[in-house]
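A.B. asks: Got a structure here, written out as C-alpha coordinates. Questions coming.
The values are calculated or read from the model by the stated rules, or taken from the named source; none is laboratory data. Keep in mind that this is a model prediction, so the values were computed, not measured. All Cβ positions, even for glycine, are placed from backbone atoms using ideal geometry, and neighbour counts span all protein chains on display.
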Amino acid sequence: MPAATIIVPTYNERDNLGPLASRIFASVDPATCSLLVVDDDSPDGTAARAEELAADLPVRCLVRRGARGLATAVIHGLREAEADLCVVMDADLSHPPEAIPGLLEAMSDPAVDMAIGSRFVPGARVDLHWPLHRRLNSLFGRLLARPLTPVRDMMSGFFCVRRRQLDLDRLDPVGYKIALEIIVRHRFENVVELPITFADRAAGQTKLTVGEQLRYLRHLWRLYRG
Ligand SMILES: Nc1nc2c(ncn2[C@@H]2O[C@H](COP(=O)(O)OP(=O)(O)OP(=O)(O)O)[C@@H](O)[C@H]2O)c(=O)[nH]1
Ligand SMILES: [Mg+2]
(Lines give C-alpha, C1' and ligand atoms only; values in the text may rest on other atoms or scores of the structure.)
(Ligands and ions follow the chains in the order given, each with its own letter.)
Protein backbone atom coordinates (compact mmCIF):
# COMPACT_ATOMS: atom_id res chain seq x y z
CA MET A 1 0.00 0.00 0.00
CA PRO A 2 1.42 3.46 -0.90
CA ALA A 3 2.23 6.02 1.80
CA ALA A 4 -0.70 8.33 2.45
CA THR A 5 -1.82 10.96 4.92
CA ILE A 6 -5.47 10.82 5.93
CA ILE A 7 -6.61 14.35 6.73
CA VAL A 8 -9.66 14.75 8.94
CA PRO A 9 -11.02 18.22 9.79
CA THR A 10 -12.76 18.26 13.14
CA TYR A 11 -14.95 20.46 15.23
CA ASN A 12 -16.41 18.77 18.33
CA GLU A 13 -15.87 15.19 17.18
CA ARG A 14 -14.32 13.73 20.35
CA ASP A 15 -16.50 10.63 20.49
CA ASN A 16 -16.03 9.78 16.83
CA LEU A 17 -12.22 9.83 16.76
CA GLY A 18 -11.62 6.46 18.46
CA PRO A 19 -13.93 4.42 16.20
CA LEU A 20 -12.70 6.40 13.19
CA ALA A 21 -9.02 5.66 13.91
CA SER A 22 -9.77 1.95 14.55
CA ARG A 23 -11.58 1.60 11.26
CA ILE A 24 -8.96 3.58 9.34
CA PHE A 25 -6.06 1.48 10.62
CA ALA A 26 -7.99 -1.74 10.05
CA SER A 27 -8.21 -0.65 6.40
CA VAL A 28 -4.77 0.88 5.75
CA ASP A 29 -1.29 -0.02 6.93
CA PRO A 30 -0.22 2.04 9.97
CA ALA A 31 3.39 1.54 8.86
CA THR A 32 2.86 3.64 5.72
CA CYS A 33 -0.26 5.70 6.41
CA SER A 34 -1.00 8.24 9.09
CA LEU A 35 -3.98 10.20 10.35
CA LEU A 36 -3.74 13.99 10.53
CA VAL A 37 -6.52 15.61 12.55
CA VAL A 38 -7.00 19.34 11.93
CA ASP A 39 -9.02 20.64 14.84
CA ASP A 40 -10.31 24.19 15.21
CA ASP A 41 -9.77 24.27 18.97
CA SER A 42 -12.97 22.30 19.68
CA PRO A 43 -14.33 22.96 23.17
CA ASP A 44 -15.29 19.26 23.61
CA GLY A 45 -11.68 18.06 23.88
CA THR A 46 -11.30 16.55 20.40
CA ALA A 47 -7.59 17.46 20.30
CA ALA A 48 -6.93 15.81 23.66
CA ARG A 49 -8.65 12.64 22.39
CA ALA A 50 -6.43 12.71 19.31
CA GLU A 51 -3.33 12.99 21.52
CA GLU A 52 -4.51 9.93 23.49
CA LEU A 53 -4.87 7.93 20.28
CA ALA A 54 -1.39 9.07 19.20
CA ALA A 55 0.08 6.96 22.00
CA ASP A 56 -0.71 3.77 20.05
CA LEU A 57 -1.35 4.83 16.47
CA PRO A 58 0.28 7.10 13.85
CA VAL A 59 -2.01 10.04 14.67
CA ARG A 60 -1.02 13.70 14.67
CA CYS A 61 -3.23 16.61 15.64
CA LEU A 62 -2.90 20.22 14.47
CA VAL A 63 -4.91 22.73 16.44
CA ARG A 64 -5.88 25.98 14.76
CA ARG A 65 -6.76 28.75 17.15
CA GLY A 66 -8.87 31.71 16.09
CA ALA A 67 -9.77 30.16 12.72
CA ARG A 68 -12.91 28.24 11.78
CA GLY A 69 -13.95 26.51 8.60
CA LEU A 70 -13.87 23.04 7.14
CA ALA A 71 -12.32 23.90 3.76
CA THR A 72 -9.51 26.06 5.14
CA ALA A 73 -8.79 23.40 7.80
CA VAL A 74 -8.33 20.86 5.00
CA ILE A 75 -5.94 23.20 3.16
CA HIS A 76 -3.97 23.59 6.39
CA GLY A 77 -3.79 19.80 6.61
CA LEU A 78 -2.66 19.51 2.98
CA ARG A 79 0.18 21.96 3.69
CA GLU A 80 1.34 19.92 6.67
CA ALA A 81 0.83 16.40 5.28
CA GLU A 82 3.85 14.10 5.31
CA ALA A 83 2.83 12.04 2.29
CA ASP A 84 2.20 13.13 -1.28
CA LEU A 85 -1.01 11.11 -1.49
CA CYS A 86 -3.64 12.69 0.75
CA VAL A 87 -7.08 11.36 1.57
CA VAL A 88 -9.59 13.82 3.03
CA MET A 89 -12.61 12.58 4.98
CA ASP A 90 -15.10 13.60 7.66
CA ALA A 91 -14.69 12.50 11.26
CA ASP A 92 -18.27 11.44 11.89
CA LEU A 93 -18.09 8.02 10.15
CA SER A 94 -20.36 9.12 7.33
CA HIS A 95 -17.48 8.21 5.01
CA PRO A 96 -16.51 4.53 5.23
CA PRO A 97 -12.76 4.19 5.99
CA GLU A 98 -12.95 0.78 4.27
CA ALA A 99 -13.21 2.66 0.96
CA ILE A 100 -9.78 4.32 1.39
CA PRO A 101 -7.78 1.48 -0.28
CA GLY A 102 -10.01 1.80 -3.36
CA LEU A 103 -9.30 5.53 -3.57
CA LEU A 104 -5.55 4.93 -3.25
CA GLU A 105 -5.72 2.21 -5.88
CA ALA A 106 -7.53 4.57 -8.29
CA MET A 107 -4.69 7.09 -7.83
CA SER A 108 -2.10 4.50 -8.87
CA ASP A 109 -3.03 5.51 -12.42
CA PRO A 110 -0.94 8.67 -12.95
CA ALA A 111 -3.55 10.00 -15.41
CA VAL A 112 -6.11 10.26 -12.61
CA ASP A 113 -6.14 13.71 -10.95
CA MET A 114 -8.48 12.93 -8.09
CA ALA A 115 -10.49 10.00 -6.72
CA ILE A 116 -13.78 10.74 -4.97
CA GLY A 117 -15.86 8.59 -2.66
CA SER A 118 -19.14 9.37 -4.36
CA ARG A 119 -22.77 9.19 -3.24
CA PHE A 120 -24.16 9.72 -6.71
CA VAL A 121 -22.77 7.06 -9.05
CA PRO A 122 -24.24 3.59 -9.72
CA GLY A 123 -23.65 1.29 -6.77
CA ALA A 124 -23.57 4.08 -4.18
CA ARG A 125 -25.98 4.15 -1.25
CA VAL A 126 -27.05 6.97 0.96
CA ASP A 127 -28.17 5.61 4.32
CA LEU A 128 -29.53 8.82 5.67
CA HIS A 129 -32.50 9.85 7.66
CA TRP A 130 -32.38 13.36 6.39
CA PRO A 131 -35.54 15.44 6.48
CA LEU A 132 -36.93 16.43 3.08
CA HIS A 133 -35.65 20.01 3.33
CA ARG A 134 -32.08 18.77 3.76
CA ARG A 135 -32.33 16.44 0.78
CA LEU A 136 -33.76 19.21 -1.38
CA ASN A 137 -30.99 21.47 -0.14
CA SER A 138 -28.35 18.97 -1.20
CA LEU A 139 -29.97 18.48 -4.62
CA PHE A 140 -30.29 22.21 -5.18
CA GLY A 141 -26.67 22.75 -4.11
CA ARG A 142 -25.48 20.20 -6.65
CA LEU A 143 -27.60 21.69 -9.43
CA LEU A 144 -26.10 25.11 -8.79
CA ALA A 145 -22.57 23.69 -9.19
CA ARG A 146 -23.40 21.53 -12.22
CA PRO A 147 -22.14 24.03 -14.87
CA LEU A 148 -18.76 24.14 -13.10
CA THR A 149 -17.94 20.41 -13.35
CA PRO A 150 -19.34 17.13 -14.68
CA VAL A 151 -18.39 15.39 -11.40
CA ARG A 152 -21.58 13.96 -9.86
CA ASP A 153 -20.57 14.32 -6.20
CA MET A 154 -18.60 17.56 -6.36
CA MET A 155 -19.83 18.30 -2.81
CA SER A 156 -18.18 15.19 -1.37
CA GLY A 157 -15.84 15.59 1.56
CA PHE A 158 -14.22 12.21 0.86
CA PHE A 159 -11.48 12.20 -1.77
CA CYS A 160 -7.85 11.54 -2.58
CA VAL A 161 -5.41 13.94 -4.26
CA ARG A 162 -1.68 14.26 -4.86
CA ARG A 163 -0.21 17.09 -2.85
CA ARG A 164 2.35 17.88 -5.58
CA GLN A 165 -0.43 18.48 -8.12
CA LEU A 166 -2.02 21.17 -5.96
CA ASP A 167 -1.30 24.86 -5.91
CA LEU A 168 -2.58 25.55 -2.42
CA ASP A 169 -1.97 29.29 -2.72
CA ARG A 170 -4.55 29.40 -5.51
CA LEU A 171 -7.28 27.95 -3.35
CA ASP A 172 -9.60 30.47 -1.75
CA PRO A 173 -12.67 28.63 -0.44
CA VAL A 174 -15.24 29.74 2.09
CA GLY A 175 -17.26 27.13 3.95
CA TYR A 176 -17.40 23.41 3.28
CA LYS A 177 -16.87 22.51 -0.34
CA ILE A 178 -13.16 21.87 -0.61
CA ALA A 179 -13.40 19.20 -3.35
CA LEU A 180 -15.34 21.58 -5.60
CA GLU A 181 -12.74 24.27 -4.99
CA ILE A 182 -9.86 21.92 -5.88
CA ILE A 183 -11.55 20.56 -9.03
CA VAL A 184 -12.53 23.96 -10.42
CA ARG A 185 -9.36 25.89 -9.54
CA HIS A 186 -7.06 23.22 -10.96
CA ARG A 187 -9.34 22.42 -13.90
CA PHE A 188 -9.07 18.73 -13.00
CA GLU A 189 -10.58 16.70 -15.80
CA ASN A 190 -9.75 13.15 -14.89
CA VAL A 191 -11.73 12.69 -11.69
CA VAL A 192 -12.73 9.12 -10.82
CA GLU A 193 -15.83 8.58 -8.68
CA LEU A 194 -16.05 5.37 -6.68
CA PRO A 195 -19.40 4.42 -5.15
CA ILE A 196 -19.62 4.52 -1.35
CA THR A 197 -22.28 3.89 1.23
CA PHE A 198 -22.75 7.17 3.05
CA ALA A 199 -24.07 6.86 6.60
CA ASP A 200 -25.65 9.26 9.06
CA ARG A 201 -23.18 10.88 11.45
CA ALA A 202 -22.33 8.44 14.26
CA ALA A 203 -22.12 10.76 17.28
CA GLY A 204 -22.15 14.48 17.93
CA GLN A 205 -23.97 17.29 16.24
CA THR A 206 -24.07 18.78 12.78
CA LYS A 207 -22.31 22.04 12.02
CA LEU A 208 -24.28 22.55 8.85
CA THR A 209 -26.15 25.77 9.60
CA VAL A 210 -28.06 28.27 7.49
CA GLY A 211 -24.92 30.44 7.71
CA GLU A 212 -22.97 27.58 6.14
CA GLN A 213 -25.45 27.39 3.28
CA LEU A 214 -25.14 31.11 2.64
CA ARG A 215 -21.36 30.68 2.61
CA TYR A 216 -21.82 28.04 -0.08
CA LEU A 217 -23.61 30.59 -2.28
CA ARG A 218 -20.71 33.02 -1.71
CA HIS A 219 -18.29 30.25 -2.60
CA LEU A 220 -20.16 29.50 -5.84
CA TRP A 221 -20.16 33.20 -6.71
CA ARG A 222 -16.36 33.26 -6.37
CA LEU A 223 -15.97 30.17 -8.54
CA TYR A 224 -18.27 31.48 -11.29
CA ARG A 225 -16.47 34.83 -11.25
CA GLY A 226 -13.22 32.93 -11.91
N1 LIG B 1 -11.61 21.98 11.52
C2 LIG B 1 -12.93 22.13 11.28
N3 LIG B 1 -13.68 21.07 10.97
C4 LIG B 1 -15.00 21.26 10.75
C5 LIG B 1 -15.62 22.53 10.83
N6 LIG B 1 -16.94 22.40 10.55
C7 LIG B 1 -17.14 21.07 10.33
N8 LIG B 1 -15.97 20.40 10.45
C9 LIG B 1 -15.74 18.96 10.28
O10 LIG B 1 -16.04 18.65 8.94
C11 LIG B 1 -16.65 17.39 8.85
C12 LIG B 1 -18.03 17.52 8.21
O13 LIG B 1 -18.88 18.26 9.07
P14 LIG B 1 -20.36 17.76 9.44
O15 LIG B 1 -20.84 18.53 10.61
O16 LIG B 1 -20.36 16.27 9.54
O17 LIG B 1 -21.18 18.23 8.17
P18 LIG B 1 -22.23 17.39 7.35
O19 LIG B 1 -21.68 16.03 7.05
O20 LIG B 1 -22.60 18.24 6.20
O21 LIG B 1 -23.45 17.31 8.34
P22 LIG B 1 -23.85 16.16 9.45
O23 LIG B 1 -23.12 14.92 9.13
O24 LIG B 1 -25.32 16.03 9.40
O25 LIG B 1 -23.41 16.69 10.76
C26 LIG B 1 -16.67 16.82 10.26
O27 LIG B 1 -15.52 16.05 10.48
C28 LIG B 1 -16.65 18.10 11.10
O29 LIG B 1 -16.13 17.92 12.40
C30 LIG B 1 -14.79 23.65 11.16
O31 LIG B 1 -15.23 24.79 11.24
N32 LIG B 1 -13.47 23.40 11.37
MG1 LIG C 1 -21.23 14.68 8.54
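A.B. asks: Given the residues M1, M107, M114, which is the only one that is more than 16 Å from ligand 1 (Cβ to nearest atom), within 24 Å of I196 (Cα to Cα) and at pLDDT below 95?
C.D. replies: M1
A.B. asks: Output the number of residues of segment 199-226 satisfying the condition of being within 16 Å of ligand 2 (Cβ to nearest atom), farther than 12 Å from G175 by Cβ, of a type outside the set (K, R) and in a loop (DSSP other than H, G, I, E, B).
C.D. replies: Final tally of qualifying residues: 6.
A.B. asks: Among the listed residues R146, R65, R135, which satisfies the condition of being free of Cβ contacts under 8 Å to residues at least 60 places away in the same chain, within 15 Å of ligand 2 (Cβ to nearest atom) and surrounded by fewer than 15 Cβ atoms within 10 Å (Cβ to Cβ)? Full working, then the answer.
C.D. replies: Working: R146 fails: within 15 Å of ligand 2 (Cβ to nearest atom); R65 fails: within 15 Å of ligand 2 (Cβ to nearest atom).
It is R135.
A.B. asks: With the structure loaded, tell me whether R187 is within 17 Å of R225 (Cα to Cα), touching a Lys or Arg at 6+ places or on another chain (Cβ under 6 Å), surrounded by fewer than 12 Cβ atoms within 10 Å (Cβ to Cβ) and basic (K, R) or whether it fails that test.
C.D. replies: no
A.B. asks: Go through segment 145-191 and count every residue that is within 16 Å of D113 (Cα to Cα) and basic (K, R).
C.D. replies: Of the residues in segment 145-191, 6 are within 16 Å of D113 (Cα to Cα) and basic (K, R).
A.B. asks: On to the next question. For segment 149-167, what are the residues that are within 15 Å of F198 (Cα to Cα) and either without any contact (Cβ under 8 Å) to a residue 12 or more places away in the chain or of a type in the set (K, R) (or both)?
C.D. replies: R152
A.B. asks: So if I check each of D90, D127, which one is buried (at least 19 other Cβ atoms within 10 Å of the Cβ), charged (D, E, K, R) and within 27 Å of N12 (Cβ to Cβ)? Steps first, answer last, please.
C.D. replies: On the way: D127 fails: buried (at least 19 other Cβ atoms within 10 Å of the Cβ).
It is D90.
A.B. asks: Please find, within segment 13-36, the residue that is nearest to ligand 1 (Cβ to nearest atom) out of those that are within 22 Å of L70 (Cβ to Cβ) and surrounded by fewer than 18 Cβ atoms within 10 Å (Cβ to Cβ).
C.D. replies: D15
A.B. asks: Mind checking which residues of segment 43-78 are in contact with a strand residue (DSSP E or B) (Cβ under 8 Å, 6 or more places away or on another chain) and assigned to a loop (DSSP other than H, G, I, E, B)?
C.D. replies: Matches in segment 43-78: A54, L57, P58, R64.
A.B. asks: May I pose another question? Please verify whether G123 is within 13 Å of ligand 1 (Cβ to nearest atom) and within 30 Å of A81 (Cβ to Cβ), treating the condition exactly as stated.
C.D. replies: Spelling it out, it is not the case that G123 is within 13 Å of ligand 1 (Cβ to nearest atom) and within 30 Å of A81 (Cβ to Cβ).
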